[in-house]
Amino acid sequence: MKIYLAIFAILIAKLMFAQNPQFSELLSYYHSEKQFNGVVLVATNGEIDFLSSVGIGDRRNSAVVTTKSRFKIASVTKVFTAVMIMKLVEEKKLDLKSTIDKYLPNYTGEGKDKVTIHHLLTYSSGIQNKLDKLGISPYQVEKNLDEFIESYCSGELVYSPGIKSEYGNTEYILLHKIIETVSEKSYDNYLRELVLEPLGLENTQIIKSKEINTGLLPSYTFDDSLGVFINDATYYPELYFGAGALYSTIEDLLKFDQALFNNKLLSRELTQKLLTIHPELGNTAYGLWGSQGWGSFNEPFYYRPGGILGSTANWIHTMKSGKTIIALSNTNATNLYELSEKLYLTSIGKEVKIPTPTKISAFHFPHREVTRF
């Protein structure tokens with residue numbers, strides 16, 4: 001019995017020693033001073049160092065955010081789409097150098113015989129970006145995928161494909177259609193077969209506005225002029241298709257992160273192809289951006305932000321230290337990249353100066369805080 005007690009005491013001591021209070025202090029500061037409502041995760045080689053939630057999830061009933069809350073992940077969806085495209089390449093059903101018309105013979109856009117799959121994956125198609133100019137309005141009128149593509153993704157070429165990268169949703173909505181055509185399955189079914197079921201991602205799927213998406217948090221836009229949160233404008237989230245229609249949980253995203261960077265979804269060759277950084281195209285990879293080191297990151301890393309109105313996300317993966325930093329929020333009030341950067345510095349033992357809060361914080365960890373030892 002004494003031996004067991006001694007071992008238990010050692011484990012508790014290790015846990016207390018390993019716990020870095022700065023993670024909690026950071027989250028408390030960002031909640032009270034930066035209006036952060038959401039969940040954050042820090043992991044090393046897939047092992048969770050810190051996981052916690054803070055703030056209000058549903059303002060109609062003051063329900064709090066939990067570490068199990070489901071968030072709209074917006075453009076993080078694009079990485080799932082890129083993986084599905086690369087799987088079709090791996091299966092020899094798709095060629096990155098082939099043009100749109102090979103797979104979508106009825107596509108009417110000017111780029112049908114000029115824009116390749118590679119151009120779509122790197123936002124370098126040159127197809128007129130009608131969607132960004134129109135804001136939320138294209139997503140507020142119900143259309144099927146073909147109607148949406150005809151209305152918004154079939155414009156003229158405004159520059160020659162491949163000469164530069166200009167970010168938008170157009171390319172990944174076209175990739176959604178190509179996935180369904182080539183796989184002969186719905187996007188939902190192919191995603192489930194390739195990613196969700198093999199990885200056990202039980203809390204990830206396409207948002208369907210006519211169904212009850214159990215556990216999915218509503219999101220809120222922060223009105224700077226009034227200093228208050230307001231309800232997001234009404235829209236059909238599924239109209240973002242393969243560019244931004246998924247919801248997920250933070251732990252599902254960690255599983256996806258580890259599978260992607262450890263060649264569990266694609267062969268090593270195809271994973272490296274997906275992760276290849278194209279400096280001439282704004283450092284795009286496929287679905288992600290990459291850098292050999294920038295700002296506070298003194299090592300190669302990949303990052304993927306996302307945002308639709310009040311739904312925001314940020315995902316960072318470093319290649320030497322094996323850090324995964326994920327932040328999800330149901331408001332747009334906080335700079336998640338900035339928060340993620342400070343979480344990263346803390347995770348590698350760098351001191352981060354946290355200003356003294358000027359407001360009384362309602363910060364607490366009502367659900368789960370995990371520290372690795």
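Consider only pairs whose beta carbons are under 8 Å apart and that are at least six residues apart or on different chains; among these, list those whose first residue lies in the stretch 179-193 and is among the polar types (S, T, N, Q) and whose second residue is at pLDDT 95 or above. Cβ pairs passing all conditions: Thr181/Tyr103; Thr181/Leu104; Ser183/Met84; Ser183/Leu88; Ser183/Lys93; Ser183/Tyr190; Ser186/Glu180.
Of all residues in the stretch 237-264, those satisfying the criterion of being assigned to a helix (DSSP H, G or I), in contact with a helix residue (DSSP H, G or I) (Cβ under 6 Å, 6 or more places away or on another chain) and either closer than 13 Å to Ile73 by Cα or without any contact (Cβ under 8 Å) to a residue 12 or more places away in the chain (or both) are Phe241, Gly242, Ala243. Cβ-Cβ contacts under 7 Å between residues 6 or more apart (or on different chains), taken from a first residue in the stretch 82-100 that is more than 16 Å from Thr116 (Cα to Cα) and among the β-branched types (Val, Ile, Thr) to a second residue that is assigned to a loop (DSSP other than H, G, I, E, B) and modelled with pLDDT of 95 or more, are listed as Val83/Leu265; Val83/Leu266. Residues in the stretch 265-279 that are touching a residue at least 60 places away in the same chain (Cβ under 8 Å), closer than 19 Å to Gly168 by Cα and part of a helix (DSSP H, G or I): Leu274 alone. What are the residues in the stretch 50-108 that are small (Gly, Ala, Ser), assigned to a loop (DSSP other than H, G, I, E, B) and buried (at least 19 other Cβ atoms within 10 Å of the Cβ), if any? Once the filter is applied, which keeps residues that are small (Gly, Ala, Ser), assigned to a loop (DSSP other than H, G, I, E, B) and buried (at least 19 other Cβ atoms within 10 Å of the Cβ), the stretch 50-108 yields Gly55, Ser69.
The values are calculated or read from the model by the stated rules, or taken from the named source; none is laboratory data. All values reported here derive from a predicted model rather than from experimental measurement. For neighbour counting, all protein chains shown are included, and Cβ atoms are generated from backbone atoms with ideal geometry for every residue, glycine included.
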